[in-house]
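For reference, the structure discussed in these notes is given below.
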Amino acid sequence: MIDIDSLLWDGDIADQKTMLEYTTSQLPVEFQQADCWYHFSSSMGIKAGIRVHLWYWLNRPCSDADLKACLSGCPLDLRLFNSISPLIHSLRSGPLTLIQTGLGCLKPVIRLRLYPFLMILLLACRR
């Protein structure tokens with residue numbers, strides 16, 4: 001999971017497609033060309049900037065150190081890749097949505113509701 005908090009944004013927060021295109025453009029090209037699940041943080045629209053969680057399925061196992069090295073310099077919270085990094089995730093702001101980046105655009109194609117206990121279980125299994 002990639003946690004982006006307070007990415008500067010002066011556009012319309014109702015235009016989710018444009019916000020997500022801008023957000024993913026801040027990541028390495030390998031991530032820009034991949035599909036991912038996204039979920040806006042519960043503080044999105046309350047605090048300034050883009051606040052979103054992006055989930056990618058990698059094609060090989062990567063250590064936290066590898067991910068930190070790959071994503072350093074990107075506007076995201078690298079503390080998530082520390083050995084111990086508890087994450088509390090709330091679905092208060094809506095379900096997860098899949099975005100596909102084919103044809104250079106992002107479009108929600110399916111909605112999936114995951115409950116908080118399941119999210120914690122999924123994140124715990126990544127270790």
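Worth pointing out:
- You can think of it this way: the chain between C62 and S43 has 3.9 nm of extra reach, that is 0.36 nm per residue less the Cα-Cα gap.
- Distance (nanometres) between label positions extended 7 Å along Cα→Cβ at A69 and V29: 2.0
- The phi-based Karplus calculation (6.51 cos²θ - 1.76 cosθ + 1.60; θ = phi - 60°) puts the 3J(HN,Hα) values of region 21-27 at 4, 5, 4, 5, 5, 7, 9 Hz, whole numbers, x for Gly and Pro.
- Nonlocal amide H pairs with D35, under 5 Å, H built at 1.01 Å: T101
- Globularity index of region 1-63, i.e. its alpha-carbon radius of gyration over 2.2 N^0.38 Å: 1.13
- Net lengthening on full extension, N82/T18 (0.36 nm per residue, minus Cα-Cα): 20.0 nm
- Proximal charge balance of A48 [Cβ under 13 Å; K/R count +1, D/E count -1]: 0
Coordinate-derived values only; no laboratory data. Please read these numbers as outputs of a predicted model, since none were measured by experiment. Glycine gets a Cβ as well: all are built from the backbone with ideal geometry, and neighbour counts include every protein chain shown.
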